[in-house]
Amino acid sequence: MSSHTVAKPEPDLSAFHYDLASFIPFRDLEACRRARGIPRSEITRHPNPDFKVRVIEDRLAFYQSFADDLVGRIRSARDEGCPFVAILPVGPMPQYELAAQAINSERLSLAHVHTFNMDEYANEDGVTAPVSWPGSFEGTMREQFFGLIDEELRPHEDNIHFPTTAAIGDYGTMIEDLGGADVCYGGIGWCGHIAFWEAHLGFEFAGDLEAFKRAGPRLVELHPMTIMQNALHSFSGDWSLVPPKANSIGPQEILGARHRSFWLDGDLGGGVSWQRFIARLVAYGPVSEFVPGSILQTARTDYTVLGGVADDVVVHMA
């Protein structure tokens, strides 16, 4: 009995025409086509030399590099006798445990450190989650970062800030009063958000990108894609557990930092990544208020991508 392998035809995405789903704010199909077509071999070739894209293959090395970057900046500021002001994200978290280990090992005091978390969940009335709620970003940071640092090395409690209901009105001013952030760390959401500054907020700015860049901290309603993304990675897929709103820093605080360091690890394994396309659209698509992360292209930014996220965007069925 003989057997043979049938050659698989090359995919033809032009064989079927359709528009974007109505809930997606960014509507430029040609820009989407160009972004998805960027192969892995070209993902680090950005035309802006200040926007530095790199790929780290190994997940542990990815988080270790993130931790090393944070600890290195803290150490350098101490050695220079300067305060260090950082905007920090929640998720992924392994880098914080690694950073805490390094801080404890070298007895690195964080007395000069001021931190501002970039966002926090809120309910439909704008009340932010209490620390006791398991999904609280403040609770997670206190447990998985600050709580892992030896007590005598931690920042002073008054130097650790979260965008609570009480704080959000003055949050941008608090950062400005310290001379602005030295660095803003973050990631990219499925809809292209940075912090919880969502894609649909672009409708408020009527094409005025400069006004968009000047927008500051506020309460926002989460985009449907963010609800689903966060349900996937933090709530066992249970979208009913994801709060409808959040307090978030704005583009002004992100662009106002002296440096930006963004880390993309949205790889689920088995060849599946939710972040491959949006990583490309943010980095190589048009700078648009409907893709909030795209404003990073206009400023000095380190953009680090996990290997599985850098892989080509492909269409396949199981």
Number of positions in the stretch 169-207 that are small (G, A, S) and in a loop (DSSP other than H, G, I, E, B): 9
Consider E210 carefully, then state whether it is among the charged types (D, E, K, R), within 24 Å of T164 (Cα to Cα) and part of a helix (DSSP H, G or I). no
Farther than 24 Å from D302 by Cα, acidic (D, E) and at pLDDT 95 or above, is that true of E221? yes
Selection from the stretch 81-140 of residues that are on the phi > 0 side of the Ramachandran plot and at pLDDT below 95: G91
Quick one: L219 ticks every box in (1) in a strand (DSSP E or B); (2) in contact with an Asp or Glu (Cβ under 9 Å, 6 or more places away or on another chain); (3) touching a residue at least 40 places away in the same chain (Cβ under 8 Å) bar one, so which box is it? (2)
Return the only residue of L255, L232 being over 15 Å from the mean Cα position of the chain (by Cα), free of Cβ contacts under 8 Å to residues at least 60 places away in the same chain and under 24 Å from V309 (Cβ atoms). L232
Of everything in the stretch 84-101, what is touching a helix residue (DSSP H, G or I) at 6+ places or on another chain (Cβ under 8 Å) and either more than 15 Å from S65 (Cβ to Cβ) or in a loop (DSSP other than H, G, I, E, B) (or both)? Give them in sequence order. F84, V85, A86, I87, L88, V90, G91, P92, M93, A100
Please specify each residue of the stretch 57-94 satisfying the condition of being within 25 Å of G180 (Cβ to Cβ) and without any contact (Cβ under 8 Å) to a residue 40 or more places away in the chain. A67, D68, V71, G72, I74, R75, S76, R78, D79, E80, G81, C82
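Yes or no: S261 outside any helix (DSSP H, G or I), in contact with a Ser or Thr (Cβ under 8 Å, 6 or more places away or on another chain) and modelled with pLDDT of 95 or more?
It is true that S261 is outside any helix (DSSP H, G or I), in contact with a Ser or Thr (Cβ under 8 Å, 6 or more places away or on another chain) and modelled with pLDDT of 95 or more.
The rows are residues; the columns are (1) of a type in the set (A, V, I, L, M, F, W, C); (2) more than 21 Å from P92 (Cα to Cα); (3) touching a helix residue (DSSP H, G or I) at 6+ places or on another chain (Cβ under 7 Å).
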| site | (1), (2), (3) |
| --- | --- |
| L29 | yes, yes, no |
| A35 | yes, yes, yes |
| P39 | no, yes, no |
| I43 | yes, yes, yes |
| A61 | yes, no, no |
Take the stretch 150-182 and flag every residue that is surrounded by fewer than 20 Cβ atoms within 10 Å (Cβ to Cβ) and of a type in the set (A, V, I, L, M). L153, A166, A167, M174, L178
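The values are calculated or read from the model by the stated rules, or taken from the named source; none is laboratory data. Quick caveat, the model's predicted, so the values are computed rather than measured. Note that we place each Cβ from the backbone using ideal geometry, even for glycine, and neighbour counts take in every protein chain shown.
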